[in-house]
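Student: The structure's right below; bear with me while I get my questions together.
The values are calculated or read from the model by the stated rules, or taken from the named source; none is laboratory data. Everything numeric in this text was worked out from a predicted model, so none of it was measured. Here the Cβ positions follow ideal geometry from the backbone for every residue, glycine too, while neighbour counts run over all protein chains shown. When the accessible area is computed, the model is the full protein with side chains, heavy atoms only, and any ligands, DNA or RNA have been set aside. Shrake-Rupley method; radii C 1.70, N 1.55, O 1.52, S 1.80 Å.
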Amino acid sequence: MAQSSSIYDLKRPARYLGGERGSICKDWTEVEVTFALAFPDVYEIGMSHIGSAILYRVLNDTPWIAAERSYTPWPDREAQLRGDGKLLTSLESGRNLAEFDIIGFSLQYELCYSNVLMMLDLSGLAMRSSERGEEAPLIVVGGPCAFNPEPLADFFDCAIIGDGEEVIIELCAAVRTSKAAGENRATLLKRLAAIEGIYVPSHFTVTYRTDGRITEIAPKDPQQPKVRRRVLADLDSAPYPEQPIVPFLQTVHDRVAIEVARGCTRGCRFCQAGYIYRPVRERQPDTIRKLIDQLLRHSGHDEISLLSLSTGDYSAIEVLMQNLMGCYADQHVAVSLPSLRVGSLTPALMNEIKKVRKTGFTLAPEAGSERLRQVINKGILEEDLIESARTAFELGWRVIKLYFMIGLPTETEEDLAALVDLSARVKAAGRRTEGGADVNVSVSTFVPKAHTPFQWDAQISIDETLARQNTLRGALKKKKLRLKWHEAELSFLEGVFARGDRRLGDVLEEAVKRGCRFDGWRDHFRWDLWQEAFAAVGLDPTWYLRQRLPGETFPWDHIDAGVTKDFLLRERQASLLGKATPDCRNGQCSYCGLCDFETVRPRLSDSSRLQPPTVEAETEAPESKPQEPALLPKIRLTITKTGRTASLSHLEYMTLIHRAVRRADLPIKYSAGFHPAPRISFGDALPLGVSSEAELIDLELTTPCQPQEAMKRLNQELPEGVQVLKAGSWPRKGAAPANSILAATFKIPIPEDTVDGLEDRLRHFLEQDAVMTTRIKKDRASQLDLRPWVLDLQRDDSFLWMKMHSGSPLFLAAYLLEKDAELVRTLGIHKTAVELKNTAMHVD
């Protein structure tokens, strides 16, 4: 009989556990609409997306809506589900996605489209909307790629265009009303199309010329020729998740994230986000501070990320940074600003950023020459960039990352040479600084995007991309600079779909059927399969990279992003003249067509609403502070690891404990150095899948805290499956958990098909002086003596009991039961107790 698959067969089981702190699982009998937020990428990426977290909170704050999450399963999990004949489910309730009223996909990147179709298929749903029945969920898409959703038009029912916080509730209300009235899908779609910001692709008919260009995009309702983008007028009053979901595993952006502003009017002509998210709307600094207090309290993170398209342009950035660093520096909380412009960097701001620890430092000149930066309206002077780099090196940063694009309109060989020269000058700016200086150069291929001034321009080919990459690689190597680049084929495919039309749906479906998944991941991208798909459908992908004619109809012309086509044409003409367009946030209106100057308008923050913290605490020199805390005894905890947490790796379990300790506000001691770490000691790692009620953890404190108080506070913050059973004082210089254990006892259920004679096998094992066996680890075989591991072995009814001095309980149990180790892992090995060496522990 074939062995059934197990979650432990997967690379990272924690992706699929659910039950994280902050997640919400409502009773479906008490709600009227169910919504699956489906993110078409792996868990670690999706959990880092703040937009999804905002919508999760907005939806679940509505009593009659239940929102749950689902992410694209990694290839090993997809294969496991298909092999077992199972369907894709949500994390919260474990229901198949097909059971939900609505499935909403966030389209952040064109190369996630194959994952959207795979998730539909894995949910047991037809990919194409025309092939799904009346009982199927409503398929909704949103995000930046929804501003040209045409390549996916045959697969979704409707799209949210623009900001989602308000319109998503209106969409759910329409579904609720439609369900109550017993309406069919066509009537529901008509109801949805009447909501501003919702696009129904089946309500538009597209016709094509013989040369492939679009003849017309005809609305079925002449009263609705375009779908206008939805704009959230006031960000400061918008809802934000104060109690975030805290993942069990590390995510890509493993920190507290707060959106300080939305929109950017710098007017970089290549940047789609700058046009589809304007106007600038900033949160007030006191609102941000209050949100951060709650986010840190409920998450246990030790880093804050201030998010926006250009955080350095936030009006109150220096006051906010001074306040945050003054309040949180002594709590070992770092602040990162992932999006900074050279023109917004001041020495005072950079000095605030680096006070706790230096997060990554990236500068994005985008183009190497002054001329080309004028073309793209990137208002950065070379000398300002060099000065910013010099300041960063002087403040202690050792590595700066420079981000450029190749293939920008009008780019020449001289521009590439200027890129190399600028990178070398940045590195030279740090030569005389302490500790040395280095520069990493990162280059991506420019991809023209919809609703930008460059939407008419051509994208360079794969061959041209490779040629320019090779030119840069050789020239930078001579300057002793490293180059990182984006694969030419990935950029090519991104460009095809970024300005693609509905005919690409056939290619996409064919590619998914051939096995394309995770196309944005270098190790999983299959260019050969995509080429086969294009050939099978009979479409030439290079046709989509061509330059567009001035009067040509775009596939997205019926999507109104708010910025007029005339404005974009004027900007394109200005680019060819090298003419700058100033930022309108504080100056003259550029007449882009978006604002009505009543509801939709720039909204800037008031720095006077937040004051820098008092500096009284800084008047006392560190040397004069009491030193007694160093003499405090440790607190030793006996803690469980059961249920879903048994599927966590040791590192994931440690992270869980670290965050719980921070949430419990225990006075934990930190190590010295530039990257201080909490002084928390753990025992040896348990094998994945082994549960325990006897894990030992030591806490070192800076101020006295009674063990029972620490136990009480921690238990309020720990997730299901993790509980402090016992707490007591432990000598300050006492042995660490791993060194203080004399023996550990494990209990293993005995499988029904275990061969007879187990008791004799156990007795024989104990009688031997040595028990040699072969262990294979990382494809290498080695001889291992198991006998020194074992103190006692017993069989008690249906359980095997092992008292071990050291070694792996999983490997030992597999040997004794004569079973495969991976099968034994699924049996439920449980550590029941530990016996300590002769070291006293006082339990309060």
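Student: Here are LEU766, LEU718: which of them is assigned to a loop (DSSP other than H, G, I, E, B) and hydrophobic (A, V, I, L, M, F, W, C)?
Tutor: When all the criteria are applied, what remains is LEU718.
Student: Considering only residues that are in contact (Cβ under 8 Å) with a residue 12 or more places away in the chain and basic (Lys, Arg), which ones fall in the range 725-762?
Tutor: Passing the criteria: LYS726, ARG732, LYS747, ARG761.
Student: Something else: Looking at GLU166, GLU170 in this structure, which one is open to solvent by 20 Å² or more (accessible area, probe 1.4 Å), touching a strand residue (DSSP E or B) at 6+ places or on another chain (Cβ under 9 Å) and in contact (Cβ under 8 Å) with a residue 60 or more places away in the chain?
Tutor: Going through GLU166, GLU170 in turn, the sole match is GLU166.
Student: On the basis of being in contact (Cβ under 8 Å) with a residue 12 or more places away in the chain, open to solvent by less than 40 Å² (accessible area, probe 1.4 Å) and over 24 Å from THR205 (Cα atoms), does PHE554 make the cut?
Tutor: It is false that PHE554 is in contact (Cβ under 8 Å) with a residue 12 or more places away in the chain, open to solvent by less than 40 Å² (accessible area, probe 1.4 Å) and over 24 Å from THR205 (Cα atoms).
Yes/no per residue for (1) over 18 Å from ALA646 (Cα atoms); (2) open to solvent by less than 40 Å² (accessible area, probe 1.4 Å):
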residue: GLU709; (1), (2): yes, no
residue: GLY728; (1), (2): yes, yes
residue: ILE741; (1), (2): yes, yes
residue: LYS747; (1), (2): no, no
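Student: Would you check which residues across the range 287-326 are open to solvent by 30 Å² or more (accessible area, probe 1.4 Å), farther than 30 Å from GLN272 by Cβ and part of a helix (DSSP H, G or I) and list them?
Tutor: The answer is ARG289, LYS290, ASP293, GLN294, ARG297, HIS298, VAL319, GLN322, GLY326.
Student: Between LEU107, LEU91, which is hydrophobic (A, V, I, L, M, F, W, C), open to solvent by 10 Å² or more (accessible area, probe 1.4 Å) and either closer than 25 Å to GLU259 by Cβ or touching a Pro at 6+ places or on another chain (Cβ under 9 Å) (or both)?
Tutor: LEU91
Student: Just to confirm my filter: which helices (runs of 4 or more DSSP H) fall fully inside the range 441-527 and include at least 3 residues that are free of Cβ contacts under 8 Å to residues at least 12 places away in the same chain?
Tutor: By residue number, 462-478.
One line per residue, one yes/no per condition, for (1) in a loop (DSSP other than H, G, I, E, B); (2) open to solvent by 60 Å² or more (accessible area, probe 1.4 Å); (3) touching a strand residue (DSSP E or B) at 6+ places or on another chain (Cβ under 7 Å):
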| position | (1), (2), (3) |
| --- | --- |
| GLU183 | yes, no, no |
| ARG191 | no, yes, no |
| GLU196 | yes, yes, yes |
| VAL206 | no, no, yes |
| ASP211 | yes, yes, no |
| ALA218 | no, no, yes |
| GLN223 | yes, yes, no |
| PRO239 | yes, no, no |
| LEU249 | yes, no, no |
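Student: Considering each residue of the range 643-679, count those that are outside any loop (DSSP other than H, G, I, E, B) and either under 21 Å from the mean Cα position of the chain (by Cα) or on the phi < 0 side of the Ramachandran plot (or both), and give that number.
Tutor: Selection size over the range 643-679: 21.
A quick yes/no check of all residues on (1) open to solvent by 20 Å² or more (accessible area, probe 1.4 Å); (2) at pLDDT 95 or above:
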residue	(1), (2)
SER344	no, no
ALA348	yes, no
ARG371	yes, yes
GLN374	yes, yes
GLU383	yes, no
ILE386	no, no
ALA389	no, no
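Student: If you go through the range 113-139 one residue at a time, how many are open to solvent by less than 10 Å² (accessible area, probe 1.4 Å) and not in a loop (DSSP other than H, G, I, E, B)?
Tutor: Residues in the range 113-139 being open to solvent by less than 10 Å² (accessible area, probe 1.4 Å) and not in a loop (DSSP other than H, G, I, E, B): 11 in total.
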